[in-house]
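The values are calculated or read from the model by the stated rules, or taken from the named source; none is laboratory data. Fair warning: this is a prediction, and the values are worked out from it, not measured in the lab. Cβ coordinates were reconstructed from backbone atoms using ideal geometry, including for glycine residues, and neighbour counts include every protein chain displayed.
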Ligand code: CA
């Protein structure tokens with residue numbers, strides 16, 4: 001899962017990046033509205049944290065442009081403003097949720113997880129596929145009830161597949177949602193990572209669909 005943070009206060013942007021990376025997300029950061037708009041317009045994010053007060057291009061305009069262009073990712077607004085009219089402008093532009101500064105960092109994390117889950121069509125915080133369970137709030141994974149350990153990159157792959165079970169996910173889609181923009185993605189690395197995740201899950205949960213990509217599917221009853 002990959003998140004875009006658009007926030008012009010470097011200290012806050014850094015804290016959000018640390019928090020989200022620590023929670024298993026790939027994170028890109030933009031420090032002004034123009035850069036943020038461009039990234040959101042050209043990259044595929046699972047969710048965006050968007051400050052309203054930004055240099056170069058304000059947050060509401062950034063969001064309006066994304067929505068007009070058909071960019072549908074969930075957007076959580078950060079606002080220092082307490083006036084309802086400004087929050088309303090954010091919702092009218094296509095926001096999904098907001099927090100008012102100052103906020104608990106953890107609140108952003110919990111709201112983002114819920115937005116990502118909902119956008120993928122899941123109402124429960126626990127995702128399940130066969131013997132595998134992923135608690136999206138804690139990031140804990142169990143297989144047949146036993147805790148399983150994954151590296152950050154393995155976790156991103158697993159989390160993306162768990163959010164989109166039974167769908168064929170192409171290699172490029174998976175790459176886009178697993179690495180931040182500074183990562184020099186090498187397809188061999190993805191193969192190795194998929195291989196490790198598949199091995200940890202056991203069985204045939206991750207299928208390779210020749211020429212198309214990968215699919216996470218629960219084993220059918222014999
Ligand atoms: Ca600001």
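Mind checking which residues of region 40-51 are away from the ligand (no atom under 11 Å from the Cβ) and closer than 17 Å to residue 108 by Cα?
Correct list: 45, 46, 47, 48, 49.
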**Message:** Consider region 1-25. How many of its residues are modelled with pLDDT under 95 and either in contact with a helix residue (DSSP H, G or I) (Cβ under 7 Å, 6 or more places away or on another chain) or within 16 Å of the ligand (Cβ to nearest atom) (or both)?
**Reply:** 3
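Tell me the residue from 156, 113, 133 that is outside any loop (DSSP other than H, G, I, E, B) and outside the structural domain of residue 208 (by TED's automatic domain parsing), please. Give the steps one after another, and end with the answer.
Details: 156 fails: outside the structural domain of residue 208 (by TED's automatic domain parsing); 133 fails: outside the structural domain of residue 208 (by TED's automatic domain parsing).
Checking each option against the conditions leaves just 113.
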**Exclusive hit being free of Cβ contacts under 8 Å to residues at least 60 places away in the same chain, in a loop (DSSP other than H, G, I, E, B) and within 16 Å of the ligand (Cβ to nearest atom), set 54, 63** = 54
**Request:** For residues that are modelled with pLDDT of 95 or more and not in a loop (DSSP other than H, G, I, E, B), tally how many sit in region 159-195.
**Result:** 6
**Fill in**
Apart from one, (1) touching a residue at least 40 places away in the same chain (Cβ under 8 Å); (2) outside the structural domain of residue 193 (by TED's automatic domain parsing); (3) surrounded by fewer than 20 Cβ atoms within 10 Å (Cβ to Cβ) all hold for residue 139; the odd one out is (2)
**Prompt:** Can you tell me which of 112, 105 is buried (at least 17 other Cβ atoms within 10 Å of the Cβ) and either out of contact with any strand residue (DSSP E or B) (no Cβ under 8 Å at 6 or more places or on another chain) or modelled with pLDDT of 95 or more (or both)?
**Reply:** 112
